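Visitor: Structure in structure tokens, see below.
The values are calculated or read from the model by the stated rules, or taken from the named source; none is laboratory data. All values reported here derive from a predicted model rather than from experimental measurement. Here the Cβ positions follow ideal geometry from the backbone for every residue, glycine too, while neighbour counts run over all protein chains shown. With ligands, DNA and RNA removed, areas are computed over all heavy atoms of the protein, side chains included. Shrake-Rupley method; radii C 1.70, N 1.55, O 1.52, S 1.80 Å.
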Amino acid sequence: MPELPEVEIVRQSLDKKIKQKKVKKVIIRNRNLRFKIPFNFKSYFKNKKIIKVGRFSKYLIIYFSQGSYCLIHLGMSGTIHIVENKIINKFTNSSFYNSLFLPKKHNHVEIIFDNFKIIYNDPRRFGFFQLIKSSLDLKKRFNHLGPEPFDPSFDLTYVSNFFKGKNKDIKSFLLDQKFVSGIGNIYASEILFLSKINPFKKVGLLNKKECQKIISNSKKILLKAIVKG
């Protein structure tokens, strides 16, 4: 499953390519993703100008000029490919995981621009698209999630307060998106290895120095993966 760094690389690739571009049309080849693609999806996108591509946690956010949004979650196996018109693309994948080339099967959504298109491919179909009408609805959509590791609020005070009275092991907490957003199994393991903390250690037994290591190494590991990508 793509984690925060992989999704951030996709965001950077898409933002560079589709920012300030207008959508010509949308082709839906399969509506049956984790949640069915809405029937108004084509009309929602058509002729809209994209202001930018943002991200929160593992979610991509397409910002439209009219003040509406589209969330994209890649699920377990989703990838987004950028395909140029009349150019044979050596690599199409907008990130560094799964196939670098556009697969022949499981291309469910095509968003078409003047000289290129982006294609959503997802063999397992656990990803989804969600249309959001306002900034208030967008904020509400993420109310259940904790801060990202890069957020200034993810500090010693926050972590200590969250752990207070809890008896769960630290790795389970790093995977809990209500505690911190965007970390998956691979990076949780790397963070704890770098911090020299047993993944099964109960959070009630962690001292302040260990908590601070987790905070700083969370930022370090994720940033390193983004830069490397």
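Visitor: Could you sort LYS36, LYS117, LYS202 by their accessible area in this structure, using a 1.4 Å probe and putting the largest first?
Guide: Details: LYS36 120, LYS117 60, LYS202 80 Å².
The ranking, largest first, comes out as LYS36, LYS202, LYS117.
Visitor: How many Å² of accessible area per residue for region 129-227, probe 1.4 Å?
Guide: Details: 5530 Å² over 99 residues.
Each residue of region 129-227 exposes 56 Å² on average to a 1.4 Å probe.
Visitor: To two decimal places, what compactness ratio does region 1-121 give when its Cα radius of gyration is scaled by 2.2 N^0.38 Å?
Guide: Values: Rg = 13.3 Å, N = 121, 2.2 N^0.38 = 13.6 Å.
Working it through for region 1-121, the quotient is 0.98.
Visitor: Is the C-alpha gyration tensor of region 57-163 telling us rounded, prolate or oblate? Criteria: a/c under 1.5 is rounded; beyond that, a/b larger than b/c is prolate, otherwise oblate.
Guide: prolate
Visitor: Using a 1.4 Å probe and counting only protein heavy atoms, arrange THR157, THR92 so the residue with the most accessible area comes first. List each step's numbers first, then the result.
Guide: Numbers: THR157 90, THR92 15 Å².
In descending accessible area the options line up as THR157, THR92.
Visitor: What does the C-alpha gyration tensor say about the overall shape of region 108-182? Classify as rounded when a/c is under 1.5, otherwise prolate if a/b is larger than b/c, or oblate. Write down the numbers at each step before the final one.
Guide: Numbers: a/c = 2.94, a/b = 2.12, b/c = 1.39.
It is prolate, given that a/c is not under 1.5 and a/b is the larger ratio.
Visitor: To continue, here is another question. Treating cross-link reach as a plain straight distance, find the lysines whose alpha-carbon is under 20 Å from the alpha-carbon of LYS196, omitting any fewer than eight places away in the same chain.
Guide: The reachable lysines, counting only those whose Cα sits under 20 Å from LYS196, are LYS168, LYS171, LYS208, LYS209, LYS213, LYS219, LYS220, LYS224.
Visitor: Using the Cα gyration tensor of region 150-191, with a ≥ b ≥ c the square roots of its eigenvalues, what is the shape: rounded (a/c below 1.5), prolate (a/b larger than b/c) or oblate (neither)? Please list the in-between numbers first.
Guide: Working: a/c = 2.06, a/b = 1.19, b/c = 1.73.
Oblate is the answer for region 150-191, as a/c is 1.5 or above yet b/c matches or exceeds a/b.
Visitor: Report, for the chain, the % of DSSP beta bridges that are antiparallel, rounded to 5.
Guide: Values: 35 of 35 bridges.
Bridges in the chain are about 100 percent antiparallel.
Visitor: Order LYS139, LYS104 by their accessible area, 1.4 angstrom probe, all chains in place, largest first. Provide the component values of the computation, followed by the final result.
Guide: Numbers: LYS139 145, LYS104 200 Å².
Output order, biggest surface exposure first: LYS104, LYS139.
Visitor: Could you work out the local net charge near MET1, counting Lys and Arg as +1, Asp and Glu as -1, over the other residues with Cβ closer than 14 Å to its Cβ? Show your work: numbers first, answer last.
Guide: Values: positive: ARG34, LYS58, ARG124, ARG125; negative: GLU3, GLU6, ASP122.
Taking every Cβ under 14 Å from that of MET1, the sum is +1.
Visitor: Could I ask something else about it? Going down the list LYS16/LYS48; LYS21/LYS86; LYS133/LYS228, which pairs span over 25 Å between their C-alpha atoms? Write out the running numbers ahead of the final one.
Guide: Values: LYS16/LYS48 17 Å; LYS21/LYS86 19 Å; LYS133/LYS228 35 Å.
Long pairs (Cα-Cα over 25 Å): LYS133/LYS228.
Visitor: For the chain, which whole percent of the accessible surface, found with a 1.4 angstrom probe, sits on carbon and sulfur atoms? Don't skip to the end; give the middle numbers.
Guide: Working: 6710 of 12110 Å².
Answer for the chain: carbon and sulfur cover 55 percent of the accessible area.
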